[in-house]
Amino acid sequence: MSEKILSGVRVLDLTNVLAGPFATLHLALLGAEVIKIENPRDGDLARKLGTMPALNDQLMGTSFLAQNANKKSVTLNTKTPEGKEIFKKLVKTADVLVENFRPDVMDRLGLGYKTLSGINPRLVYCAISGFGQTGPDAFKPAYDQIIQGLSGVMAINGDERLNPLRAGFPVCDTVGGLNAAFAVMAALYHRERSGKGQFIDVAMLDSIMPLMGWVAANLLIAGQQPVPMGNDNFTAAPSGTFKAKDGYLNIAANKQEQWESLCDVLGVPELKKDPRFEKRDTRKKNRKLLTPLLEEKLALRTTAEWVESLNAKDVPSGAILSLEAALSQPQVRHRGILRDVAAEGIGTLKLFGLAARFSDTPGELNAPPPRLSAHTEEVLAGLGIGKEEIASLKANKVI
């Protein structure tokens, strides 16, 4: 078995729900020992979130299962003096700490970065929040949909009939988590050269906005306001979603040669010389005239037939799949992004593994999401805490 990129790296994960757990999941898949520090009563809120009440009752809700594989669970009440001391002992052994509380929470507990970096100067401390640690909105509460609205994402989605429109999954949370994982890796690389840890401030609002780079550049540089265009691609035409005989397909004829090949495949070569469509910019202006002409031809054959014919001529196209069909398509199965992992008392779970494939140090999904407190005794024993003291800590509800 090959060594993992983050073998030997210990991460203290104080995060809840999505953005933070998604960040630490990626560190866990890369081989880090991720110790999830949870409150002794009911742990991560995501343990109660999901569509299966029976799993929610077990504190193993589907929302929790989705992003907590490969981790260990330790319960610890950090509001108690004993809990604080144990936590500080853990910090001495850690390389990374990730939390997603509001900006003042850790300082009020006496466990802020200044305190912890004094205990362990090599600690990489990553704080994830909706708006960041400073600024006029820093202390406001934030969920994904709030950030979608404040970032401009909802304003550019949809079309003239349905706008604003949220993305169909928590894109701001997940992008915030990816940004945090990227930042932690960069800080660990810096530590290898300098020997010093540092504080990382990741905001969900900051994280999502650069993803709108092209749209934002049109506004910031060219002064062009975004126009909600639904399933059309604003950069080219014909580029978007089109109706075929039995459903819909995406076509992205973004290059001039792709447009010309599209005309040939659809049997409308005359459109190549039509002054309304001949050039890229005029096609974009006249897309509402062009689409019905193309769909008249597309209606003659099925989506699958058109996809095969267009791709054969290097015109990018693809079916629009349901989520169920997308997850089971041959390419996804071939890439192995979904992995099976056995979870005691639940059965076999299909969970996403690492999306990047490394030739020498591949990521691995090898352990199910942990039951609450499943690793408390193991981790505390590693700190030299004996069975009698552990029993006392349990009795006093510290763990």
Residue pairs meeting the criteria (Cβ under 9 Å; at least 6 apart or on separate chains; first basic (Lys, Arg), in the range 190-207; second assigned to a loop (DSSP other than H, G, I, E, B)) = 191/95; 191/122; 191/197; 191/198; 196/121; 196/122
Do you know which of the residues in the range 143-180 that are assigned to a loop (DSSP other than H, G, I, E, B) and of a type in the set (S, T, N, Q) is nearest to the chain's Cα centre (by Cα)?
-> 157
Determine, yes or no, whether residue 33 is at pLDDT 95 or above and of a type in the set (Asp, Glu).
-> yes
Within the range 47-66, restricting to residues that are under 15 Å from residue 368 (Cα atoms) and without any contact (Cβ under 8 Å) to a residue 40 or more places away in the chain, the one that is nearest to the chain's Cα centre (by Cα) is 62
Out of 315, 341, 307, sole residue that is of a type outside the set (S, T, N, Q) and either assigned by TED's automatic domain parsing to the domain that holds residue 178 or at positive phi (or both) | 341
How many residues of the range 92-110 are of a type in the set (Val, Ile, Thr) and out of contact with any strand residue (DSSP E or B) (no Cβ under 7 Å at 6 or more places or on another chain)? The answer is 1
Of 153, 98, 74, the only residue that is buried (at least 19 other Cβ atoms within 10 Å of the Cβ), in the same structural domain as residue 341 (by TED's automatic domain parsing) and farther than 30 Å from residue 191 by Cβ is 153
Only one of (1) of a type outside the set (A, V, I, L, M); (2) outside any strand (DSSP E or B); (3) closer than 25 Å to residue 212 by Cα does not apply to residue 250, and that is (2)
Can you tell me which of 353, 345, 336 is under 30 Å from residue 41 (Cα atoms), loosely packed, with under 15 Cβ neighbours inside 10 Å and either of a type outside the set (Ser, Thr, Tyr) or in contact with a Ser or Thr (Cβ under 7 Å, 6 or more places away or on another chain) (or both)?
-> 345
Of (1) acidic (Asp, Glu); (2) in contact (Cβ under 8 Å) with a residue 40 or more places away in the chain; (3) touching a strand residue (DSSP E or B) at 6+ places or on another chain (Cβ under 6 Å), residue 42 satisfies all except one. Which?
-> (3)
Determine if the range 226-233 includes at least one residue that is without any contact (Cβ under 8 Å) to a residue 40 or more places away in the chain and either assigned to a helix (DSSP H, G or I) or in the same structural domain as residue 165 (by TED's automatic domain parsing) (or both).
-> no
With the checklist (1) within 27 Å of residue 283 (Cα to Cα); (2) of a type outside the set (S, T, N, Q); (3) surrounded by 13 or more Cβ atoms within 10 Å (Cβ to Cβ) in hand, flag the one item residue 173 doesn't pass.
-> (1)
Take residue 28 and decide whether it is under 18 Å from residue 362 (Cα atoms), buried (at least 18 other Cβ atoms within 10 Å of the Cβ) and modelled with pLDDT of 95 or more.
-> yes
So which of 232, 264 ends up being within 19 Å of residue 308 (Cα to Cα) and not aliphatic (A, V, I, L, M)?
-> 264
Pick from the range 126-142 the residues that are part of a loop (DSSP other than H, G, I, E, B) and of a type in the set (Gly, Ala, Ser): which of them is surrounded by the fewest Cβ atoms within 10 Å (Cβ to Cβ)?
-> 135
Check on residue 261, surrounded by fewer than 18 Cβ atoms within 10 Å (Cβ to Cβ) and assigned to a helix (DSSP H, G or I) | no
Condition met for residue 232 (exposed (fewer than 13 other Cβ atoms within 10 Å of the Cβ) and closer than 23 Å to residue 215 by Cβ) = no
One residue from 197, 223 being under 30 Å from residue 92 (Cβ atoms) and either assigned by TED's automatic domain parsing to the domain that holds residue 173 or part of a loop (DSSP other than H, G, I, E, B) (or both) = 197
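The values are calculated or read from the model by the stated rules, or taken from the named source; none is laboratory data. As the structure is a prediction and not an experimental result, all values here were calculated from the model. When we count neighbours, we look across all protein chains shown, and the Cβ atoms used for this are built from the backbone with ideal geometry, even at glycine.
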